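All remarks here apply to the structure that follows.
Please treat every number below as a calculation from the coordinates, not as lab data. Fair warning: this is a prediction, and the values are worked out from it, not measured in the lab. Counting neighbours? That spans all protein chains shown, and the Cβs are built from the backbone with ideal geometry, glycine included.
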Amino acid sequence: MNSIVRAEIITIGDEILFGQITDTNTQWIGAELTGIGIRPVRKTSVGDNKQDILDAFTEASKRVDIVIVTGGLGPTKDDITKHTFCEYFGSELKMNEDALKLVTDFFAKRGRAMTELNIQQAALPDNATYIPNLWGTAPGMWFEKDNVVYVSLPGVPYEMKSLMEFEILPRLKTKFVSNIIKHKSVRTVGIGESFLAEKIENWEDALPEHIKLAYLPHFGQVKLRLTGTGTDEKLLDAQLQAQVDLLLPMIQENVFGYDTDELESVIGTLLIKNKATVGTAESCTGGFVAHRITSVSGSSQYFEGSVVSYGNTVKKNVLGVSEATLEAHGAVSEQTAIEMAEGARKLLHTTYAIATTGIAGPDGGTTEKPVGTVWIACATPTGTVTQLLKLSNIRNINIELTSTYALNLLRKTILKAEYVVI
């Protein structure tokens, strides 16, 4: 029977720890390893310090079958990965003629002169298996020690990805026979993680041993990710789907999609299906709802435009919110949200219009309307629906959450309209 092959990803470089660059390599490598049945179990980031790197290698070797290392292969003195590998594997740097030819050709094709530092990039630990890098000057390296495979890759993302795709992944698939790992995700919105867990507790407790559940919350949404392991891909797919089928009746009203579905793309599909259009009138979100809608390719088929009515003058003069409403109820009120949505729908000639108005913070709150008080509205051909949100005192979080709840209000409104004869 196959077993799970475990991997650890080690990123090397002070620039990652200092927050000067974002580590996108680990996310990509993790997805690719999972795709061939290898389970990433840990990520470690290490600075440009030899002893720290040696310790990371030693610790990783105790818990995994594969160690993927990125970074530290450049030509400058702070790039110490090769020297550290030499110490770890008891080897010496030796000029690799194949690597030297590739580096020489790389510079010749670009009409650039090579420096001694560039030449030294072709010097590799003498017990490394050379992995040619056709996309840059830092070669990849493959080592084996005590039944653990170590792979060293450049940190430049496009070079790393190319080496992984064309060299490393095929070699790993040949060397290791592993169980299949499959994921199936159910995307929910409008229900908190703890409430969701309480609803599905009995279902979760009854999951078979080879299927695990993870809760992944993000700004008003929770992704329920099922991960199954097995030897038969078709059977595993069927088993995962069977669990989803058991889950759905418990939380159907909060489910908006699956796997890679995003709320804004699901809404786009609904609007196209119903030959409907939408616009937005935004105050506290400052156009963020429109941004999310238009982040979807093809959104010009259903999105007409937006009015960012941050000030009351724009609310009145462009959207038609009445002075009486603003004086009696204030800009942050259900009545203002309704008039903003209805004004936007009339102005933009759309089927639906979303409005947001609130106190994003961290200033501007009162006892009656504290920071995080937000009204959203969705205007339709037959009326306007509203929702009061009571959010946090953190501005960016409030903007993200408001946009999610506003989009979900639109989604629910469209779905309800599909079953109503107008």
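Quick look at the numbers
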{"read-out": "Separation in nanometres of the label points that stand 7 Å from Cα toward Cβ, at LYS94 and HIS218", "value": "4.8 nm"}
{"read-out": "Selected from ALA360, GLY383, ALA331, residue furthest toward positive end of dipole (region 330-394; charges at beta carbon)", "value": "GLY383"}
{"read-out": "Where only C-alpha atoms are counted, convex hull volume of region 5-175 per residue in Å³", "value": "110 Å³"}
{"read-out": "Sorted by Cβ neighbour density within 10 Å, fewest at the top, the residues VAL266, VAL278", "value": "VAL266, VAL278"}
{"read-out": "Those lysines that a straight Cα-Cα span of less than 19 Å connects to LYS416, excepting residues fewer than 8 apart in one chain", "value": "LYS273, LYS275"}
{"read-out": "Estimated FRET transfer efficiency when R0 is 22 angstrom, pair GLN51-ARG110 (beta carbons, to 0.05)", "value": "0.05"}
{"read-out": "Potential extension, THR174-HIS210 segment - 0.36 nm per residue separation minus Cα distance", "value": "10.5 nm"}
{"read-out": "Virtual spin-label span in nm between THR22 and GLU201, 7 Å along Cα→Cβ", "value": "3.8 nm"}
{"read-out": "Equivalent ellipsoid semi-axes, region 93-166, via Cα gyration tensor eigenvalues times 5, rooted, Å", "value": "22, 15, 9"}
{"read-out": "Kirkwood-Stokes translational diffusion coefficient of region 104-146, alpha-carbon pairs, 20 °C, 1.002 mPa s, µm²/s", "value": "184 µm²/s"}
{"read-out": "Most mobile of THR129, THR44, THR367 in a GNM of the chain (Cα contacts under 10 Å)", "value": "THR367"}
{"read-out": "Overall dimensions of region 182-258 by Cα: Rg and Dmax, Å", "value": "12.1, 36"}
{"read-out": "Distance (nanometres) between label positions extended 7 Å along Cα→Cβ at LYS234 and LEU248", "value": "2.2 nm"}
{"read-out": "Geometric extent, Cα atoms of the chain - Rg, Dmax (angstrom)", "value": "27.6, 82"}
{"read-out": "Along each principal axis, Cα extent of region 213-322, largest first, Å", "value": "64, 27, 23"}
